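This report concerns only the one structure given below.
Any read-out appearing in this document is the output of simple, stated calculations on the displayed coordinates, not a laboratory observation. Here the structure is a predicted model, which is why all the values come from computation and not from measurement. Neighbour counts are summed over all protein chains in view; Cβ atoms, including those assigned to glycine, are modelled from backbone coordinates with ideal geometry.
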Number of protein chains: 2
Amino acid sequence: MERYFKKIEEHLASLDPETLSRLNDISSERIYPKGSFLLEAGNICRHSFFMLEGTARKYSLHDGKEITTEFYFKDDIAVSFRSYGLQIPSEEYIEAVEDCKVSITDYYQYEALKKESLQIATLDLLIMEYYALWLEEKLYQQRTMDATERYVSLLNKNTEIIQQMKVGHIASYLGVSFETLSRIRKRLSA
Amino acid sequence: MERYFKKIEEHLASLDPETLSRLNDISSERIYPKGSFLLEAGNICRHSFFMLEGTARKYSLHDGKEITTEFYFKDDIAVSFRSYGLQIPSEEYIEAVEDCKVSITDYYQYEALKKESLQIATLDLLIMEYYALWLEEKLYQQRTMDATERYVSLLNKNTEIIQQMKVGHIASYLGVSFETLSRIRKRLSA
DNA sequence: CGAGGCCTTGACCGCGGTCAATGCCCGTGG
DNA sequence: CCACGGGCATTGACCGCGGTCAAGGCCTCG
């Protein structure tokens, strides 16, 4: 996975100044206070959110319960991919866990840019490929690891999630009930 | 999801004849007999396989057991995405379930083409986006549906899988043991 | 100081996994 | 042509992981 970061960074570094400035032209900054929503279910996700400061999470509701699907930190891109890509109403919420400063890019302007600029299309492709790798990894972990193993894996690889997010949100992210996660933590600390 | 097919088809229809012929130039046809491997674990996935005829499946081994991750039919693209994208040894096998006729495209030649052609880069992006949507859907089903519901969903949406693939392979695809799937089928037929 | 969120802990139980026996279908060779 | 063996599916017995329900503890903030 780290190799992919490198690929993306190299590509970013190789962008024309002109391309960069055009990207800048279609982006604007905005602050979302803690607890507010960058996106709510029912609305179409018309923007992508590049995280400049703060933390956020994405979740959906199922039988009245929240299923956290992703956490966002500095430099992550927050978006409901399904709603954004198809421009259909979202089933997901994106919530500011802390005050967030984000760079917002409009879907249509970005799409137009992608149609003109090979550099942007390539950037987008790299990001998509990274997301697909991440999804494959999650799916594989879900199949092959039990709840404790998944927690330990998160503990090792994503310390910031463990430290900054609530137990309940981490639990649904791992695909277990918060009671079970509580017991797992107890067992591990013993 | 169907909307995505449309998007991809429209894009394919809009391709320059020249672009198409260049794609053709870097592809070649090949037959894989039933039971043979388009890709074996340990090897780097240096090609993508566009299915012209026959059926195939992708799987990995975990604790000596096969986990089927994808089935391929006519017009599908078979590839171990992780191995292909990162050009690292594969953990997955792609096996011809029946005799297969495929169109093979070389990774490096395709990458080179992507760097030159916005149309090809866009095509690749559309395919990636479709794959990511598919992965998101699988992950969501895994979280929210029990074994029976997942089977019924497959029954409704992917008849060809149910009809043409072995119970054992369908079971691991659904994330259950084949004994459990056997019981589910019995219950449903009653 | 009281209320509401969040986490912990206990009791209970069901889905689905494992192990093992049996059945069934089919290809192969005597 | 039948007998045997291998591969695949079915079925039963058992049990453990993790879900649900419910009670209780602990902060934080108004």
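The Cα atoms of chain A define a convex hull whose projected area, averaged across directions, is 11.4 nm².
The Cα atoms of the protein assembly as shown cover 59, 55, 36 Å along the three principal axes, with the biggest extent listed first.
Think of segment A:1-140 as having a plus end and a minus end, set by charges on the Cβ of Lys, Arg, Asp and Glu; of A:88, A:14, A:4, A:88 sits farthest toward the positive end of this dipole. Screening chain A for whole DSSP H helices with an alpha carbon extent of at least 27 angstrom along the helix axis and a mean Kyte-Doolittle hydropathy of at least 0.0 yields A:118-144.
Place a +1 charge on the Cβ of each Lys and Arg in segment B:1-160 and a -1 charge on the Cβ of each Asp and Glu, then give the dipole magnitude about the Cα centre in debye, rounded to the nearest 20. Walk me through the intermediate numbers first.
Working: 19 positive and 29 negative charges, 38 e Å.
Once rounded to the nearest 20, the dipole reads 180 debye.
Footprinting exposure proxy ranking of B:80, B:90, B:189, B:28, fewest other C-beta atoms within 10 angstrom first, gives B:189, B:28, B:90, B:80. Counting Cβ atoms of other protein chains within 10 Å of each Cβ in B:116-122 and taking the mean gives 4. Summarising the amide proton neighbourhood of residue A:76: residues at separation of 5 or more, or on other chains, whose placed amide H is nearer than 5 Å comprise A:51.
Taking chain B as a Gaussian network of alpha-carbon nodes connected by springs under 10 Å, the highest mean-square fluctuation of the residues B:177, B:60, B:117 belongs to B:117. Just so you know, the averaged projected area of the alpha carbon convex hull for segment A:145-190 sits at 2.9 nm². Dipole orientation for segment A:145-190: of the candidates A:172, A:158, A:182, A:182 has the Cα lying most toward the positive pole (charges on Cβ; Lys, Arg +1; Asp, Glu -1). Taking Cα centre as origin and charging only the Cβ of basic (Lys, Arg, +1) and acidic (Asp, Glu, -1) residues, the dipole magnitude of the protein assembly as shown rounds to 1460 debye. Of the trypsin sites (Lys or Arg not before Pro) found in segment A:135-169, the ones in coil according to DSSP and having at most 11 other Cβ atoms within 10 Å of their Cβ are A:166. For chain B, the relative contact order works out to 24 percent when only alpha carbon pairs closer than 8 Å and six or more residues apart are counted. For chain B, the 222 nm mean residue ellipticity estimated from helices alone, with every DSSP H stretch of n ≥ 4 adding -39500 (n - 2.57) and the total spread over all residues, rounds to -16000 deg cm²/dmol.
Of the Cα atoms belonging to segment B:1-100, the radius of gyration and Dmax stand at 15.0, 48 Å. With its label point put 7 Å out from Cα toward Cβ, residue B:106 sits 4.4 nm from the same residue's point in the other copies, in order from shortest. Sequence-distant contacts, meaning Cα pairs under 8 Å at least 6 residues apart, place the relative contact order of segment B:87-190 at 14 percent. With label points set 7 Å from Cα along Cα→Cβ, the inter-copy distances at residue A:154 are 2.7 nm, sorted shortest first. Simple rule: put +1 on each Lys or Arg Cβ and -1 on each Asp or Glu Cβ in chain B, find the dipole, and look at B:26, B:109, B:135; the Cα lying farthest toward the positive end is B:135. Using Cα centres only, tell me the gap between segment A:106-172 and segment B:1-77 in whole Å. First find each Cα centre; the distance between them is then 24 Å.
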